[in-house]
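Right, one structure below, let's go through it.
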Amino acid sequence: MAEAPTGGPKDGDTKDAKDTGDVAETGDVGGYRQELRRSLGSFQVFAISFAFISVAVGIFATFDEVLQTAGPVGIWLWLIAAVGQTLVALVVAQFAARISLSGSSYQWASRLGNPRVGWWFGWLTFCYLSIAVVAIDNALASQAFMPLAGIAPDEDTARVITLVVLLVQAVLAIASTRLVSWINSAAVAMELTLVVVVAVALVVAVAVTGDGSVGNLTSQGIAEGASDYFAFGGGLMLAMIMGLATLVGFDSAANLAEEAKDPYRSVPRAIVGSVVAAGVLGLLFLITLTVAIRDIPRISDEGSPVAAIMNDRLGPVAERILLVAITFAFFGAGIVVMVACSRLVYAMSRDSRFPAYRLMRRVDPRTRTPVPATVLVLVLGAVLMGTLPGSALLELITASTILPALIYGATVVLYLAVRRRLDRRHGAFDLGRWELPVAVCALVWTVVALLVLVAPEEALTSVVIVAGLLVVGGVFFLHMLVFGRAALEREPADERGGPR
């Protein structure tokens, strides 16, 4: 029989156990003893979600794929992805406004569905976040830091730099959540400034030289004439992956809800506000970049077309400033993902539902951070970087783009199944009469997003990897059924989404 978690619901503590979460610094939250420090203000909570999305980083990393597969006109699919992801964010915010606990969808599914369903939400999210940390930090090394430092492209060098970055992020994450939030807020402020300043500078440059072209916005570029351009899984459809791969992670604020002040208001606003802000800023950035292209074929063949456009229009100094800002943005995004992943591990472990849960649920009494859970994320990242060959690592990273679509789709289905049982919290975020049409539209969108991600022939390997992760999860789930059934059957604090 599984051991009862030390931070879990306490017998006889009926009032606190039924509350969705006291926002005080001490006491109980959702039936658990409050162990994490509430130090995150509204902007810091917003910055967590916005940094995970990291619109400048996403465009920097994927703009070349859009130019090669769909041409400049493919940027308009960003708008469709932004609207669709906003619908999902509105549904996620409905949950965050009622259950404010670390673990986000794991907690929502465990409390409103059942612990077994919740475990699968937690497992999929853990797989996604643990891979995303490596993906972001490896991109930081190879796409931003190495070009900035003048280091020639080299896979082994990028791996070493990635390991160093992972270690630094883990040390900071263990030291203080507030310190992480300061770094992250600074990175977000720099990124917001960068997008706005670069967009304005490019508009001015085009206006002064007069050689920009609005016609770029409707050009198919080097993809013109491709036989599969309009086909299912073809070039134009592939351009939507830029938005789908970038506009994710907005729910990361919910993973740190136990460390946020006034979480029932600040977390839902951060979730919706971050994806809306990223969607609008990203579209403006893409339009200005596209209009500023002088030679579409040449820019399309560049490994980093954003940097090449900056160099053409604003000079090498501006390009280096861009790389500095992008490096910092990558770092901020990576540390946010690491922290979010560690909080998920901690949340599952205090319910005795994660491997080595007795260790993983420990919180350092001085820093008030889950140290073993953070070290686990570091170790997993180091193992992936140190053991997987380049092609396998790339396939694993590509596969991780399918996981958030699965998680968001499952979250929307969960909401539609339990929405009638959700209580309303006074003053908290609430869609009111719009909740059902928004949720239905969000479900349709997640189906479309999954089709876009799995349609290309190249996605077959990614689908196989995701299936493999599900099999690994299934093995441990069976282990839990045999040796830890009590943990999977225990209802967490009789939570139903609102105060009774």
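So which of Asp312, Asp364 is more than 27 Å from Leu163 (Cβ to Cβ), acidic (Asp, Glu) and surrounded by fewer than 24 Cβ atoms within 10 Å (Cβ to Cβ)? Show your work before the answer.
Numbers: Asp364 fails: more than 27 Å from Leu163 (Cβ to Cβ).
Step by step, each of Asp312, Asp364 is checked, and only Asp312 is more than 27 Å from Leu163 (Cβ to Cβ), acidic (Asp, Glu) and surrounded by fewer than 24 Cβ atoms within 10 Å (Cβ to Cβ).
So which residues in region 413-431 are touching a Gly at 6+ places or on another chain (Cβ under 9 Å) and surrounded by 14 or more Cβ atoms within 10 Å (Cβ to Cβ)? Step through it out loud before you land on a result.
Restricting attention to region 413-431, the residues satisfying the condition of being touching a Gly at 6+ places or on another chain (Cβ under 9 Å) are 414, 417-418, 421-425, 428.
Result: Leu414, Val418, Leu422, Arg425, Ala428.
Filter region 432-462 down to residues that are modelled with pLDDT of 90 or more, surrounded by 15 or more Cβ atoms within 10 Å (Cβ to Cβ) and aliphatic (A, V, I, L, M), then give me how many there are.
10
Let's see how each residue does on (1) in contact with an Asp or Glu (Cβ under 8 Å, 6 or more places away or on another chain); (2) free of Cβ contacts under 8 Å to residues at least 24 places away in the same chain:
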{"position": "Gly427", "(1), (2)": "no, no"}
{"position": "Leu431", "(1), (2)": "no, no"}
{"position": "Val440", "(1), (2)": "no, no"}
{"position": "Ile465", "(1), (2)": "yes, no"}
{"position": "Val471", "(1), (2)": "no, yes"}
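Does any residue of region 60-79 turn out to be at pLDDT below 90 and aliphatic (A, V, I, L, M)?
Yes, region 60-79 has at least one match.
Hey, among Thr411, Thr446, which residue is in a helix (DSSP H, G or I), within 18 Å of Ser104 (Cα to Cα) and of a type in the set (S, T, N, Q)? Working first, answer last.
Values: Thr446 fails: within 18 Å of Ser104 (Cα to Cα).
Testing whether each residue is in a helix (DSSP H, G or I), within 18 Å of Ser104 (Cα to Cα) and of a type in the set (S, T, N, Q) leaves just Thr411.
Exactly one of these conditions fails for Gly212: (1) over 23 Å from Gly381 (Cβ atoms); (2) assigned to a helix (DSSP H, G or I). Give me its number.
(2)
Would you confirm, using the coordinates I've provided, whether Thr162 is over 30 Å from Val91 (Cβ atoms), surrounded by 15 or more Cβ atoms within 10 Å (Cβ to Cβ), among the hydroxyl-bearing types (Ser, Thr, Tyr) and in contact with a Leu (Cβ under 8 Å, 6 or more places away or on another chain)?
Details: over 30 Å from Val91 (Cβ atoms): yes; surrounded by 15 or more Cβ atoms within 10 Å (Cβ to Cβ): yes; among the hydroxyl-bearing types (Ser, Thr, Tyr): yes; in contact with a Leu (Cβ under 8 Å, 6 or more places away or on another chain): yes.
When the stated conditions are applied, Thr162 passes them.
Could you please let me know if Arg343 is touching a residue at least 60 places away in the same chain (Cβ under 8 Å), among the basic types (Lys, Arg) and buried (at least 24 other Cβ atoms within 10 Å of the Cβ)?
Working: touching a residue at least 60 places away in the same chain (Cβ under 8 Å): yes; among the basic types (Lys, Arg): yes; buried (at least 24 other Cβ atoms within 10 Å of the Cβ): yes.
In short, yes.
Against the definition (more than 25 Å from the chain's Cα centre (by Cα) and in contact (Cβ under 8 Å) with a residue 60 or more places away in the chain), how does Ala405 come out, yes or no? First the steps, then the outcome.
Details: more than 25 Å from the chain's Cα centre (by Cα): no; in contact (Cβ under 8 Å) with a residue 60 or more places away in the chain: yes.
Judged against the criteria, Ala405 is not a match.
Does at least one position in region 79-101 carry a residue that is in contact with an Asp or Glu (Cβ under 7 Å, 6 or more places away or on another chain), over 29 Å from Arg420 (Cα atoms) and buried (at least 24 other Cβ atoms within 10 Å of the Cβ)?
no
Matching residues to (1) part of a helix (DSSP H, G or I); (2) out of contact with any strand residue (DSSP E or B) (no Cβ under 6 Å at 6 or more places or on another chain); (3) among the basic types (Lys, Arg):
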residue	(1), (2), (3)
Gly225	no, yes, no
Tyr229	no, yes, no
Ala254	yes, yes, no
Ser266	yes, no, no
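Return the pairs, sorted by first residue and then second, in which the second residue is crowded, with 20+ Cβ neighbours inside 10 Å and among the hydroxyl-bearing types (Ser, Thr, Tyr), the first residue lies in region 378-399 and is at negative phi, the beta carbons are less than 7 Å apart, and the residues are 6+ apart or on different chains.
Cβ pairs passing all conditions: Leu380/Ser130; Met385/Thr162; Glu395/Ser462; Thr398/Ser462; Ala399/Ser462.
If I filter region 42-54 down to residues being under 11 Å from Glu191 (Cβ atoms) and within 11 Å of the chain's Cα centre (by Cα), which single residue comes out as surrounded by the most Cβ atoms within 10 Å (Cβ to Cβ)?
Residues of region 42-54 under 11 Å from Glu191 (Cβ atoms): 47, 50-51, 53-54.
Imposing the further condition that a residue be within 11 Å of the chain's Cα centre (by Cα) reduces the set to 50-51, 53-54.
Values: Phe50: 31, Ala51: 28, Ile53: 26, Ser54: 26.
This residue is Phe50.
Could you figure out which of (1) surrounded by fewer than 14 Cβ atoms within 10 Å (Cβ to Cβ); (2) over 24 Å from Val371 (Cα atoms) isn't true of Pro147?
(1)
The values are calculated or read from the model by the stated rules, or taken from the named source; none is laboratory data. Predicted model, so just to flag it, every value in this text is computed and none were measured. Methodologically, a virtual Cβ is constructed for each residue, glycine included, from the backbone with ideal geometry; neighbour enumeration extends over all protein chains shown.
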